[in-house]
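Reviewing the structure listed below.
The values are calculated or read from the model by the stated rules, or taken from the named source; none is laboratory data. These numbers were taken from a predicted model, which means no experiment stands behind them. All Cβ positions, glycine included, derive from the backbone under ideal geometry; neighbour counts span all protein chains shown. For the accessible areas, the whole protein counts, side chains as well, though only heavy atoms, and no ligand, DNA or RNA atoms are used. Shrake-Rupley method; radii C 1.70, N 1.55, O 1.52, S 1.80 Å.
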Amino acid sequence: VPVDVDPDTYCIDVAAAERAVTPRTRAIMPVHMAGHVADMDALAKLSADTDVPVIQDAAHAHGARWQGRRMGELGSVAAFSFQNGKLMTAGEGGAVLFPDGELWQEAFLRHSCGRPREDRSYLHRTSGSNFRLNEFSASVLRAQLGRLESQIDTREQRWPVLARDLAEIPGVVPQGRDERVDRNPHYM
C-alpha cells in the first residue's frame with residue numbers, strides 16, 4: 001500500500017504510514033530517498049506500537065548515517081542495491097543487513113538454495129534460490145569501500161551550492177534535510 005512522502009525530505013510520511021497500517025500489514029518499507037534517511041525514530045516507534053517490522057530500502061543510502069548510526073545499525077533489516085547506477089556498484093546484486101542472527105539465518109537459507117551454511121550433503125531445509133553474490137563482484141565492491149567516505153565528503157561539501165542553484169529554477173524544490181541525518185551520500 002503506497003503512502004505519501006514528506007514534501008521536504010521525499011522520505012516516507014510516518015503519519016501516513018501509521019494511517020495505512022491494518023491487521024493485514026506485514027511490513028513497513030521506507031525508502032531512504034536519494035541518500036536521505038527516513039525518520040527512523042518514528043518508524044521504530046510505529047513498528048513497536050503495531051508489531052509490524054520495518055524493512056529499509058537503503059539502495060540510495062550507502063554510507064548514510066542517522067544520529068551517528070549507519071544503515072544496518074538502526075534495529076531493522078536494511079537492503080542495499082549494487083546495480084550499475086548506485087553509489088557502490090558491481091553491475092548488479094545487493095546486500096541485506098540484519099539486526100539479529102535469527103533473521104540472518106533465515107535469509108541465508110533463502111539465498112542459498114534452502115541449505116544452511118554448514119550443510120555439505122545438499123539437505124534443503126526450505127525453498128530458496130541462488131541469490132548469492134559472486135566473489136569477483138564482492139571484490140569490486142570491497143575496493144570501493146576505500147573511497148566511499150571521501151566521495152560522500154565531496155558530495156556533502158558540494159550539496160549546498162547545488163541546492164542553492166537548483167532553488168533558483170522556477171518549480172524546482174531541492175530535497176531538504178532532517179538535522180538527525182548527519183551523513184547524506186546524496187545519491188543522484
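Quick notes on this one:
- Residues in the stretch 26-42 carry Karplus couplings, in order, of 9, 6, 10, 10, x, 9, 7, 5, 6, x, 7, 6, 5, 5, 6, 5, 5 Hz; the curve used is 6.51 cos²θ - 1.76 cosθ + 1.60 with θ = phi - 60°, and Gly or Pro positions show x.
- Beta bridges by DSSP in the stretch 55-188, antiparallel share as percent, to the nearest 5: 70 percent
- Cα gyration tensor, the chain - rounded (a/c under 1.5), prolate or oblate: oblate
- With each label modelled as a point 7 angstrom along the Cα→C-beta vector, the GLU118-ALA163 pair spans 5.0 nm.
- Residues LYS86, LYS45, ordered by accessible area of protein heavy atoms at a 1.4 angstrom probe radius and largest first, appear as LYS45, LYS86.
- Computed [θ] at 222 nm, helices only, for the chain once each DSSP H run of length n ≥ 4 contributes -39500 (n - 2.57): -11000 deg cm²/dmol
- On the basis of the beta-carbon distance and an R0 of 25 Å, ASP100 and ARG19 show a calculated FRET efficiency of 0.30.
- Mean accessible surface per residue for the stretch 1-109, computed with a 1.4 Å probe while every protein chain stays in place, in Å²: 51 Å²
- Spatial separation of Cα centroids for the stretch 24-65 and the stretch 122-188, in angstrom: 16 Å
- Cα gyration tensor category, rounded, prolate or oblate, for the stretch 91-152 with a/c compared to 1.5: prolate
- For the stretch 52-67, 3J(HN,Hα) per residue [Karplus equation, 6.51 cos²θ - 1.76 cosθ + 1.60, θ = phi - 60°, Hz, x = Gly/Pro]: 10, x, 9, 10, 7, 8, 9, 4, 9, 10, 4, x, 6, 9, 10, 6
- What a 1.4 Å probe finds exposed on the chain is 54% carbon and sulfur by accessible area, rounded to a whole percent.
- Candidate residues LEU133, LEU46: accessible-area rank, largest first, probe 1.4 Å: LEU133, LEU46
- Counting only heavy atoms of the protein chains and using a 1.4 Å probe, GLU18 has close to 110 Å² of accessible surface.
- Accessible-area value, ASP49, 1.4 Å probe, nucleic acids and ligands omitted, Å²: 100 Å²
- Heavy atoms of HIS124 accessible to a 1.4 Å probe, total area in Å² rounded to 10: 100 Å²
- Helix 101-111 and the longest principal axis of the C-alpha atoms of the chain enclose an angle of approximately 80°.
- Principal-axis tilt of helix 135-167 within the chain, Cα atoms, nearest 10 degrees: 20 degrees
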